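Below: one structure, written as structure tokens.
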Amino acid sequence: MGVIISNILAIYRKELQGYFASPLAYIVAGAFWFLAGLFFLTALQSESDRALDIYFQGQQIGAPVPPIDVAYNTLQSFLGAMFFLSLFILPILSMGLYSEERKRGTLELLATSPVTNWAVAVGKLLGVVTFFITMVLPLLAYEAIAFNASSPPLPPAVLLLGHAALILVATAILSLGMFISSLTESTILAAILTFVLILCFSLIELLAKLTGGVLGEAWNHLSLVKHYNTLVQGVVDTSSLIMFASYIILGVFLTAQSIDALRYQRS
């Protein structure tokens with residue numbers, strides 16, 4: 001077990017160093033921070049305007065104005081937009097995980113090395129997820145500053161759970177994107193296929209509504225959007241956590257099998 005953990009950490013450090021030394025990673029992070037900041041300001045302004053409209057309408061007709069939690073509504077809108085932004089950012093982060101190894105001809109060396117394919121896949125996934133968390137942390141900081149001024153204050157647990165949901169859904173997508181990256185040496189093709197995959201998972205909820213019945217419930221249970229929204233609303237649902245874990249393990253398993261198949265082809 002100690003050797004496996006040591007191998008995973010070695011792969012993890014190598015991947016992480018690769019991200020922090022890559023100009024493309026900084027461009028992606030810069031675009032992510034710029035767009036995320038724009039989405040946050042838009043959500044804050046939109047929810048504030050909506051609350052003011054409801055207040056003034058209530059004043060005009062003399063009706064009691066219901067309490068409006070602008071901070072909570074802003075967080076919901078913002079994290080909804082962040083899922084949309086992830087559709088474009090995550091395929092770029094996962095596209096080179098194995099495709100670059102194939103292109104450089106180092107994948108064969110990796111596949112036939114003493115390090116197990118599971119350890120390589122887990123190390124690579126941990127590296128890219130750590131980089132994504134590094135991108136998310138600054139958002140959490142300025143959201144905490146903005147929401148600190150709200151009344152009533154937004155519970156920190158809701159804020160943390162919402163961002164944990166963002167990281168979980170990103171990890172599931174990156175894990176599946178890693179598998180797609182292991183199938184081709186074209187990074188562009190890997191990114192496009194991962195984007196299509198995320199789009200399909202996003203549309204599953206719509207398919208569930210159209211299908212209805214038992215089949216619709218089954219489709220709905222597979223929806224990443226549904227489980228993401230559940231956690232973002234501040235509800236800790238065990239089935240959602242299990243579903244995210246299942247997608248993550250599935251991606252790592254398929255990646256290890258893909259590299260195993262390559263090993264047998266070369267032997």
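The values are calculated or read from the model by the stated rules, or taken from the named source; none is laboratory data. If you're wondering where the values come from, they're calculated on a predicted model, not measured in any experiment. Cβ placement follows ideal geometry from the backbone for every residue including glycine, while neighbour counts extend to all protein chains displayed. Accessible surface areas use protein heavy atoms only, side chains included; no ligands, DNA or RNA. Shrake-Rupley method; radii C 1.70, N 1.55, O 1.52, S 1.80 Å.
Results, tabulated for the structure shown:
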| item | result |
| --- | --- |
| Estimated FRET transfer efficiency (residue 215, residue 238; beta-carbon r; R0 22 Å; 0.05) | 0.40 |
| The stretch 73-99-the stretch 114-175 distance, computed between alpha-carbon centres (Å) | 11 |
| Count of lysine pairs in the chain with Cα separation under 25 Å (8 or more residues apart, or interchain) | 4 |
| Computed over the chain, Cα set: Rg, Dmax in Å | 21.1, 81 |
| Kirkwood Rh in Å, taken over all unlike Cα pairs in the stretch 53-160 | 18.0 |
| For the chain: accessible area per residue (Å², 1.4 Å) | 50 |
| Carbon and sulfur %, accessible surface of the chain computed with the full protein complex present, 1.4 Å | 71 |
| Cα shape, the stretch 155-221, gyration tensor, a/c 1.5 rule | oblate |
| Label-to-label distance, nm, for residues given as residue 142 and residue 202 (7 Å Cα→Cβ offset) | 2.3 |
| Peptides ranked, highest mean first, by Cβ atoms within 10 Å: ranges 115-122, 38-45 | 115-122, 38-45 |
